[in-house]
There are 2 protein chains.
Amino acid sequence: MAETTARRSPSGAERKRDAERTRERILDAALVEFGEHGFAGARVGAIARRAGVNQQLISYYFDGKEGLYRALTERWRALSAGVNQPDAALADVITAFADVSQAQRHWVRLLVWQALEGDQAEGEQQFRQAMVDDLRQRQAAGEIAPDLDPAFLMLLLFGATLAPTLLAHFAADFTGLAADSPEFRERYADQLRKVVARLS
Amino acid sequence: MAETTARRSPSGAERKRDAERTRERILDAALVEFGEHGFAGARVGAIARRAGVNQQLISYYFDGKEGLYRALTERWRALSAGVNQPDAALADVITAFADVSQAQRHWVRLLVWQALEGDQAEGEQQFRQAMVDDLRQRQAAGEIAPDLDPAFLMLLLFGATLAPTLLAHFAADFTGLAADSPEFRERYADQLRKVVARLS
């Protein structure tokens with residue numbers, strides 16, 4: 001009977017999938033809350049309400065606010081590593097970062113909060129130095145001119161990549177387009193490509 | 001007698017100078033308070049305490065929080081117009097902006113708050129469009145290649161210019177130097193010059 005089927009206890013695989021979905025829903029809610037209020041201002045209760053779960057479940061899955069933050073950082077690093085493909089052309093990597101940062105506005109807001117609040121997530125330095133090493137390898141391979149300094153250039157490119165999100169009001173005033181409109185994104189990517197092409 | 005001299009009532013010029021000094025002290029305090037807490041979070045009482053003046057004096061000089069904000073915006077525009085000299089080379093203008101934004105960290109923080117809070121100061125759009133027009137004139141004069149779009153390039157350059165302040169934690173991780181150290185500033189200016197030189 002249908003009712004029996006509906007009431008049967010879920011298989012191990014289903015339980016695992018459900019747990020994974022809940023975990024992701026909590027992380028999505030946490031990203032929005034952290035992005036809106038910063039780490040200090042974020043409330044675990046608000047995250048639970050936004051995710052539609054019991055607050056105790058957040059403690060169970062993530063061991064509270066710090067654990068959530070660490071899990072979000074790990075998720076961002078995985079996303080970022082997926083974008084930063086050593087075999088792709090630098091212009092493709094840079095424009096992909098610009099796209100990701102526009103799609104992940106809450107993450108960029110969180111980065112700004114970190115800068116405003118002087119916070120530093122664990123292991124960030126190591127992660128960021130590895131990105132400079134990647135750029136150094138591109139320089140060795142001839143993608144970047146020898147007179148440019150990868151460490152400083154990296155910062156310059158990050159500033160340029162995050163500008164449409166960090167400075168959305170500047171973007172709109174300069175161009176007359178909303179920074180998150182498809183036309184803006186396409187034209188900005190085009191400019192990034194042209195500038196990157198001039199770095200070799 | 002010395003005491004008589006000390007007690008004589010101040011001349012009109014002295015009173016004006018004192019008033020000007022007090023006004024500037026209030027503005028300096030307001031910039032720090034707005035930079036730390038954003039417009040919404042800033043408290044006029046805290047600004048008065050920081051400036052060492054009576055809160056009523058702020059109402060008298062500036063007509064409250066909105067008036068303070070407008071006065072700060074005007075002061076920033078005057079500073080910005082001083083940097084954006086049409087006769088200077090673009091590389092000089094860009095590196096001067098980078099210097100000003102590092103010296104005026106509280107102002108840059110305030111810009112970020114505007115972005116986070118979705119605020120927009122009055123007249124900003126017009127002011128920013130005028131900056132794009134300046135860049136367009138530089139393009140017409142041959143300082144910028146014809147295939148670059150001044151409106152989008154302006155945003156890209158702003159992102160690069162503000163990066164050491166907006167992303168101070170990135171700057172330190174990438175380069176191993178504090179973003180406000182003289183060595184960092186000099187080397188970053190050098191990179192900005194090299195990138196700008198490639199835009200023509």
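The values are calculated or read from the model by the stated rules, or taken from the named source; none is laboratory data. The model shown is predicted, which means the values in this text are computed figures rather than measured ones. We place every Cβ from the backbone using ideal geometry, glycine too, and count neighbours over all the protein chains shown. Just so you know, the surface numbers come from the protein's heavy atoms only, side chains and all, with ligands and any DNA or RNA stripped out. Shrake-Rupley method; radii C 1.70, N 1.55, O 1.52, S 1.80 Å.
Overview of results
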| read-out | value |
| --- | --- |
| Residue selected from the stretch B:130-163 under the condition within 7 Å of chain A (Cβ to nearest Cβ) and under 17 Å from the mean Cα position of the chain (by Cα), by the criterion surrounded by the most Cβ atoms within 10 Å (Cβ to Cβ) | B:ALA163 |
| Identity of the residue in the stretch A:1-60, outside any helix (DSSP H, G or I) and at pLDDT 90 or above, that ends up least open to solvent (accessible area, probe 1.4 Å) | A:ALA42 |
| Neighbours by Cβ (under 6 Å, 6+ apart or cross-chain): first from the stretch B:132-148, more than 14 Å from B:ILE94 (Cβ to Cβ) and in the same structural domain as B:SER200 (by TED's automatic domain parsing); second surrounded by 11 or more Cβ atoms within 10 Å (Cβ to Cβ) and among the aliphatic types (A, V, I, L, M) | B:VAL132/B:ALA151; B:VAL132/B:MET154 |
| A:SER101, sole failed condition from (1) among the small types (Gly, Ala, Ser); (2) surrounded by 20 or more Cβ atoms within 10 Å (Cβ to Cβ); (3) more than 8 Å from chain B (Cβ to nearest Cβ); (4) without any contact (Cβ under 8 Å) to a residue 24 or more places away in the chain | (4) |
| Subset of the stretch A:164-192 (residues that are more than 7 Å from chain B (Cβ to nearest Cβ), touching a residue at least 12 places away in the same chain (Cβ under 8 Å), part of a helix (DSSP H, G or I) and open to solvent by 10 Å² or more (accessible area, probe 1.4 Å)) | A:THR165, A:ARG185, A:ALA189 |
| Hits in the stretch A:104-118 (condition: open to solvent by 50 Å² or more (accessible area, probe 1.4 Å) and either within 22 Å of A:LEU153 (Cβ to Cβ) or within 13 Å of another protein chain (Cβ to nearest Cβ) (or both)) | A:ARG105, A:HIS106, A:ARG109, A:GLU117, A:GLY118 |
| Flag for B:LEU72 being within 18 Å of A:ALA163 (Cβ to Cβ), in contact with a helix residue (DSSP H, G or I) (Cβ under 7 Å, 6 or more places away or on another chain), open to solvent by less than 10 Å² (accessible area, probe 1.4 Å) and of a type outside the set (Lys, Arg) | no |
| Those helices (runs of 4 or more DSSP H) lying entirely in the stretch B:69-156 with at least 1 residues β-branched (Val, Ile, Thr) and farther than 23 Å from A:VAL196 by Cα | B:90-103, B:105-117 |
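Yes/no matrix, rows are residues, columns are (1) in contact with a helix residue (DSSP H, G or I) (Cβ under 7 Å, 6 or more places away or on another chain); (2) farther than 23 Å from B:GLY41 by Cβ:
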position	(1), (2)
B:TRP76	yes, no
B:ASP87	no, yes
B:ALA96	yes, yes
B:GLN102	yes, yes
